[in-house]
Structure formats: C-alpha cells, structure tokens
Amino acid sequence: MNVSVSRGGRAAVLGVGGFALIVVVLAALPYLVESSVTGQLVKLCYLITLATMWNLLAGYAGMISVGQQAYLGLGAYVLFIVNDHGFDVYTGTIVVSVVVGLVAWPVSYLAFRLRGGYFAVGTWVIAEVVRLVVIRFDALGAARGRNLSTITEDPVLRRAYTYWLAVVVMAAAVAGTYLVLRSRVGLDLQAIRDDEVAASSLGVRVTRGKRLIYVLSAAGCAAAGAVICVSSLGVASPTQIFGVQYSALMIFMVIIGGVGTIEGPIIGAVAYFLLDKYFSQSGVWYLVIIGAAAIVVSLYLPRGLWGLVSRHGRYAVFPVAHRVLSN
Amino acid sequence: MNWVNALVQGILLGGIFAMAASGLSLMFGVMRIANLAHGDLMILGGYVAAACATYFGVPVWLTAVVSTVALGALGFAVQRLLLDRAMRVGEFTPLMVTFGLSVIIPNALTQMFSNDAVPLGIGALGTASIDLAPGLAIGWFPLLTLVASVFVLTGLHLFLYRTQYGRITRATSDDSRTVRLIGVDNRRVYALTTVIALGTVALAGTLYTMRQGGVTPFEGQLTVLFAFETVIIGGLGSLWGTLAGGVALGIAQSVGAQLSPDLPLLAGHVVFLLVLVFRPQGLFGKGVTA
C-alpha cells in the first residue's frame, strides 16, 4: 500500500486565498461603507488579534495565561512613549510590538518558574506589577490615564487609518500564527502541547519553543493594545487597560470558538462581537451568562464551535497538521 | 516603633491569608486543580455572612458558621456537577471552569447587592486592643483571626495525618488510580476536599469582611492573588509553609504600607516574585516546584 503525507493540498490554497481575499475586501471597506461600520470592525479586528494570540499560547504551547493584559496595557503605554518621541501612531505600532516583545523575553524567565494553574496566576501577578509600576510615572498620566499627543487631525482620515491599522494587525497576527505553526518550530510546539515530556525526550527543545511563543504572543497583544489606544485616542484608565477582564475575554473567545485551531479563535471572536453588540445593554447578567457559557462549552463542547463545524478536525481552512493518506 | 508595629500588624494580617490559602493548597495537592475562583469564593463567603447579619439579623458570631456551612455545601455541588466532569475532559478544563466561576461570582454579586459595600460590623471588638508600648498595640480581633487560622491549619494537619480519611486523601493525592484499585471512590475524596477548601475559605472571607467592616463584589480579584502568593511563598504541599507564607506576605504588605500608602500591593507582589527567582520551591517547600 502506498502512503503519502498531506498537509491540506488544495484546501490550503483555498483557505489562504480566501483569507487574502477577505483581507483585501476589508481593506477596501472605508471607500465603500460608512465610518460607523468600519469603527465597529476595528473592535472585531482587535478581538480576533487577542483571541489568536491567546490561542497561540494555550492551544499550541499549553500555557494558560491570565496575564496577557500586561502586554496589552504595555502596548498602549509604550505607544505613548514612542508617539512622544516623534513616531506617528501607525508605524509606531510596529516599534511597540518589537519593544514589548523584548520586554516579554526576560519576563518569561520569571513566568516559566511556574507551571499549569500557578503559571496562570503568576502571569496575573506580573500584569498587576506592570500596572502598579506604570501608574507611578506622572508623564504617563499616573493613575488617571492620558491621551495620545499627536494623531491625524482630519477625523475621516484618522478613522480610515485606524481601521487599516486594525486590519493589518489582525491579518499579521493570523498569518503569522499560520506561518509559525507550519514551520519546524510549529511542529515542535504541537508535540510540546500533546506531551511535553515525550517531546523533550525526543530532542524537542521545549523551553525554547515555549519562550518564542510567549514573546510572539506578547508582541501581538501589544499591537492589539496599541490599536485599542489609537481607536480611543488614548487610555481612559490604567485599571481598565490592565484589567483582568481582557483575559476573561480572550479565554471566552478561544473556548467558545475552539482551542488549538487557527479558525476557532476567529469564530469565537465573531461570536463574542455579536453577543456584545446585541446583549451588552442587558447589564451585568450578560457577564454572568458569558462566564456560564464558558463553563458549559468547556465541559460539553471542548473543541468549541469550530469543532462542530470541522467535524472534529477533518476540515481545516488553515491546515497545519500533517495527515497520512493511503493511495 | 512604627516599624515594629508594621511587623506585628503584618503577622496578624498573615493569618487570614494563610487560612484562605490552605484550601487552595489542599485542592491543588489532591486534585491538581488551581482554583482561579478561590478569591471570589472567599468574597462570596464574606457576602453570605454580611447579608445574613444585615438582612436577616443573624448574630455576628453565627454568620461565620452559616457562611462556612453554606460554602461547604456549595463546594459539594461544584465538585459533583462541574469539577468531576472537568477533570475527565482535559488537563486545563478545571482551570477554565474555575475561571468561569470567577467571572460569574463577582458579577452576580454586583447584580444582587450593587457595587456598594455590604457592612458586617463587629462592634466594640473591632477597635479593642492590647497596648504593649506607645505606638504598639495588638488589636483583639486581628489576634483572634491569627489564632483561628492556626486552629484551622492545625485541624487540617490533624485530619490529614491522624485520621483514616486523611490518610486516604493523601494517598489519593499521591496516586488516585491505585487508591481506586483498592476500593476507594475518588469522587468522595474529591468532594470532601472541595467541601473543606470552600468551608475554610468562607471562614477566611468572613473574618476578612469583619476586619474590613464590609465587603464589595470585586475584591476577590485581589484576594485570589494573595492566596496564590501565600501558597507559593510558603512552598507547595506544606501547611506550616502556608502559615509562614501568609505571614511573610502580610509583613511585606504592612511594611510596604509603612513606606508609602500606595505601596502595600506592589511590595507584596515583589516579595512573591523575589521568592520565585531565588527560592522557587518556597520557604518551606520540599524541593517540588509548581
């Protein structure tokens, strides 16, 4: 019997082509629809970015973080510094990602002292420390938050630029995740996620792979933080941008959509976006239901909505798994 | 004398942290569940007590009993309905479930009681103190909480090391499959563990609420960090380490407050991170890291 190893083949071309098409359509939208629509899509874009970044950590490297708001908040605050030093906020976002990624690298040595649930809480403590340190700087607005010092004056252009920034960051996050996972490192990561000890015994450099993902995820969250900061022209309150509710959001989106797939977080983000749009007026009960939904889905539908759609991984828009076929 | 006072107040504060952390440590030890809702359950315990006193006129000392029993019963339900299943589904599912609970509890409390504090006054006991020297006084109530937490930890120790159920619990912690082979139902051990964990954390939450004079819905986001920090500073798997961890965290916070009123939280977190860097097994750990 002949066997061959496939990795999507025609499906992969269709998936990537489809994604590129969607990005092109999204990029053209400011010419086609009103700015209120693109304004809402900014939110959807950063939600997808955040969900994708959290999934990269949890779904591919087995690290459950409750502290990604550290990098999200840092993204916003480093953008203030970068902006004050003459960068415009759009190219500044690239600088922000790099800087925050460099910050996350030494921090990972601290966080990796802990595993599993304790890693989760350790990252939360680190986020609190970052917040408590940031609010000690008066130039960053202390505990009051602050505004961006220079940003495009013309409101129409500003909205369009902000939207394009959000689309670019989202596309880079999804495409970057796809490329990393299809690389050699991606294979290592999936081995680590499935069985860390076994992977290590086969010569996979476990800690190096996890550290790379931790740094990439921080950089992505920082870019999302910068997008949030640009879209609201600043930070209203450090407690909000460094708040654990962002982690709750990321976890919810990834669980609902399906952890450990590229498609899942996107679906989860869309689901949350719609829920938030139509039900957020119903007050605090809405958050109670969000929490309950996360519990029910993780208990009874562990592969999330995408798991239902893809019939437990048989179909994929972004195939990263190798599959053995008999010819 | 200010510094001695800060030290003493820190030790007294540490008692509550240690009591709150003991259940967290127990659940992790027996089931490998890191309960992210532990702080919110503590605050829920405080709410049960405060609501009993405020709305139903239950005597203050009795509210602690009501709260402990109520959360213990809740623990049984949570274990049987959610966590038992979560442990079968996947490695990280229990973490997700407890995180879901930590979203539900404070928001449900806000909906029911608003964001304003629900008071739980303890009258003259709250201010009574023993004056040791000028500027150095030990409050009766903080002293009582420290004694209570030593009692709780001693009780847990005696349970784990001197009773048949305790031996079974420790054996389940070491190897649940083998224990099942010799005829023990793991689920009963797990249920008992969670009942104890939630009962003790409710008591800690009640004492915390009495100490503060009241409770607000989102304080669990702080107390969960204190409880985890206490466990890590003290070292996993050691109840006396937990007491030491609570005291160390309490001292860090009150000395931080002595330095500057906006420093207590940061000082506590920094001590935790320093322990992670220089002594990851904790002060009394047995060489096992989390």
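A few points about this structure:
- Only a single criterion out of (1) free of Cβ contacts under 8 Å to residues at least 12 places away in the same chain; (2) touching a helix residue (DSSP H, G or I) at 6+ places or on another chain (Cβ under 8 Å) is not satisfied by A:S183, namely (2).
- Helices (runs of 4 or more DSSP H) completely within the stretch B:125-187 that count 2 or more residues being under 22 Å from B:G246 (Cβ atoms) and aliphatic (A, V, I, L, M): B:140-162
- Breaking point among (1) part of a helix (DSSP H, G or I); (2) more than 15 Å from the chain's Cα centre (by Cα); (3) of a type in the set (A, V, I, L, M), for A:L216: (2)
Residue-wise test of (1) at the interface with chain A (Cβ under 8 Å from one of its Cβ atoms); (2) surrounded by fewer than 24 Cβ atoms within 10 Å (Cβ to Cβ); (3) small (G, A, S).
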position	(1), (2), (3)
B:I33	yes, no, no
B:H38	no, no, no
B:Y55	no, yes, no
B:L62	no, yes, no
B:V65	no, yes, no
B:A77	no, yes, yes
B:D84	no, yes, no
B:T98	no, no, no
B:P106	no, no, no
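- Set side by side, the residues A:S97, A:S108 differ, and just one is part of a helix (DSSP H, G or I) and within 13 Å of another protein chain (Cβ to nearest Cβ), which is A:S108.
- Taking the listed residues B:L225, B:L236, the one that is in contact (Cβ under 8 Å) with a residue 60 or more places away in the chain, assigned to a helix (DSSP H, G or I) and within 11 Å of chain A (Cβ to nearest Cβ) is B:L225, with no other qualifying.
- Note on the stretch A:69-91: residues that are over 17 Å from A:Q240 (Cβ atoms) and either polar (S, T, N, Q) or out of contact with any helix residue (DSSP H, G or I) (no Cβ under 7 Å at 6 or more places or on another chain) (or both) amount to 7.
- Some residue of the stretch A:73-87 being part of a helix (DSSP H, G or I) and within 13 Å of the chain's Cα centre (by Cα): yes
- A count restricted to the stretch B:248-268 and to residues that are surrounded by fewer than 23 Cβ atoms within 10 Å (Cβ to Cβ) and either facing another protein chain (nearest Cβ under 9 Å) or of a type in the set (A, V, I, L, M) (or both) stands at 9.
- B:L153 vs. criteria modelled with pLDDT under 90, more than 8 Å from chain A (Cβ to nearest Cβ) and surrounded by 21 or more Cβ atoms within 10 Å (Cβ to Cβ): no
- Helices (runs of 4 or more DSSP H) fully within the stretch B:28-101 counting 3 or more residues that are among the small types (G, A, S): B:38-56, B:60-78
- The number of residues in the stretch A:130-150 being within 11 Å of another protein chain (Cβ to nearest Cβ), part of a loop (DSSP other than H, G, I, E, B) and not aliphatic (A, V, I, L, M) comes to 1.
- The helices (runs of 4 or more DSSP H) falling completely within the stretch A:227-297 that include 1 or more residues that are away from chain B (no Cβ under 11 Å) and surrounded by fewer than 22 Cβ atoms within 10 Å (Cβ to Cβ) map to A:238-241, A:263-279.
- B:T93 vs. criteria within 30 Å of A:F119 (Cα to Cα), buried (at least 16 other Cβ atoms within 10 Å of the Cβ), of a type outside the set (A, V, I, L, M) and within 7 Å of chain A (Cβ to nearest Cβ): yes
- Set A:A166, A:A120, A:A127: member being within 13 Å of chain B (Cβ to nearest Cβ), closer than 25 Å to A:V42 by Cα and assigned to a helix (DSSP H, G or I): A:A127
- Some residue of the stretch A:151-159 being in a helix (DSSP H, G or I) and either within 10 Å of another protein chain (Cβ to nearest Cβ) or of a type in the set (K, R) (or both): yes
The values are calculated or read from the model by the stated rules, or taken from the named source; none is laboratory data. None of these values were measured; they are calculated from a predicted model. Here the Cβ is made from the backbone with ideal geometry for all residues, glycine too, and neighbour counts use every protein chain on show.
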